[in-house]
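Okay, structure first, notes after.
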Amino acid sequence: MNKVGLTPERLEELVSDFPKARIGVLGDFFLDKYLEVSPELAEPSVETGKIAHQVTEVRCSPGAAGTVVCNLQALGTGSIYALGFRGDDGEGYDLNKQLNRLGCDTTHLHQTALRATPTYLKPRDTTVAGLAGEHSRYDTKNRSITPPEIEDLIIRSMHEMVDQLDSLIVLDQVEEKNCGVITSRVRQAVSDLAGTRERPIFWADSRCQIQDFTHLIIKPNEYEAAGIEKPLPDTIVDNDELLKAAQKLHARNQAPVVITRGSQGMLVSNPDWTAVPGVHIEGAIDPTGAGDSATAGTVLALCAGATLPEAALIGNLVASITIQQLSTTGVARPDQLADRLTVWQQQQ
């Protein structure tokens, strides 16, 4: 197993090229909608007698594929393009507004009355700090098959944009098969296109269908790579078993594989296998969106000319910063990476 290293000078060289990158994000764009609930204002409903919780602030942020956009923007990406769909609804308006605020081009985020804008509704108690204050989440997703005419729009957009990009990130968030942006047909179109060209850098992340991609960099977590469905929180994947499964995955994919391992970092093939340790963090963390922030950092570094192990290490640095930001979509800035690299080096 190879080892990875990165000097501060090399990190600075790579980060200085982040503003040159042109990155497309193709996938399921959700709206993260935070409701700040003040319990001291709660009152009984006159009609039902049930408690009417009082919302004193509403915050909206792009989620799922939008989380990747948030992190790309914070890291200084030159140009970002959203490819996918949004509903003809208020959530779609809010999502588009937030993406535009980040400087993301939404020309190819197609508005349609045939789909709802997927939304994570997140109420939280303003009097309780951190994750403990979060109420149960309410999810709105499309649970019917994505119509062929929308698939046509998405595939056409991908072909129109591909020559303008340094990388195309594919984010498959929806677990219900063929109900999101990345349907079987769209996934095959991505794989076919990636198999015919060296650029842009194609990268895919998927909750349930990662093994159905081919000819592009894929990013499963260790459980997905090992074929473990719905693992318990304390499930441990044996290193030898993981490497054996990873080798099979690489052979089938015919392209590099990046396996995330939580606090242990990443295991990457290029084509030899390299273990890329993570940064050990003390104190409270919120791992929500950590994989998306790691994706943003790794892909940006690849666009800047990093080797895959170097890029994975930068992805680890980014994720270690974002997980320390509680009850929000965490992001990292370029000027934070050098100090975090120092911490990582000390831990080795």
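Things to note:
- Value of relative contact order over region 8-347, rounded to a whole percent, pairs C-alpha under 8 Å and six or more apart: 17
- Rounded D (µm²/s) - region 25-168, Kirkwood Rh over Cα pairs, Stokes-Einstein at 20 °C, 1.002 mPa s: 127
- Neighbour-count order for Val69, Val162, fewest beta carbons within 10 angstrom listed first: Val162, Val69
- The mean sequence distance of close C-alpha pairs (under 8 Å, at least 6 residues apart), as a share of the length of region 180-319, puts its relative contact order at 16 percent.
- For region 181-280, the list of trypsin sites (Lys or Arg not before Pro) that fall in a loop by DSSP and count at most 14 other C-beta atoms within 10 angstrom reads Arg197.
- With a Förster radius of 56 Å applied to the C-beta separation of Ala113 and Leu243, the computed FRET efficiency comes to 0.70.
- DSSP-defined antiparallel bridges as percent of all bridges, the chain, nearest 5: 40
- Total formal charge among the other residues, if their Cβ is under 9 angstrom from that of Ile210, Lys/Arg +1 and Asp/Glu -1: -2
- Charges were assigned to the Cβ only: +1 to each Lys and Arg, -1 to each Asp and Glu. The resulting dipole of region 8-347 about its Cα centre is roughly 460 debye.
- Using a Förster distance of 45 Å, the FRET efficiency for Met1-Glu43 (Cβ separation, nearest 0.05): 0.15
- One decimal place: the segment His135-Val343 gains 71.5 nm when fully extended, by the rule 0.36 nm per residue minus the C-alpha distance.
- Sorting Met1, Met158 by the number of Cβ atoms found within 10 Å of their own Cβ, with the fewest placed first, yields Met1, Met158.
- Site pair Ile228 and Lys177 shows an inter-label distance of 2.4 nm when each label is modelled 7 Å from Cα along Cα→Cβ.
- Candidate lysines for bridging to Lys141, where Cα separation is under 29 Å - those fewer than 8 sequence places away on the same chain excluded: Lys33, Lys50, Lys97, Lys122, Lys177, Lys219, Lys230
- Binning all Cα-Cα separations of the chain at 20 Å, short to long from zero, yields these whole-percent fractions: 30, 58, 11, 0.
Each reported figure results from applying straightforward, stated rules to the coordinates on display, with no laboratory input. This structure is a prediction, so every number in the text was calculated from the model and none was measured. Cβ coordinates were reconstructed from backbone atoms using ideal geometry, including for glycine residues, and neighbour counts include every protein chain displayed.
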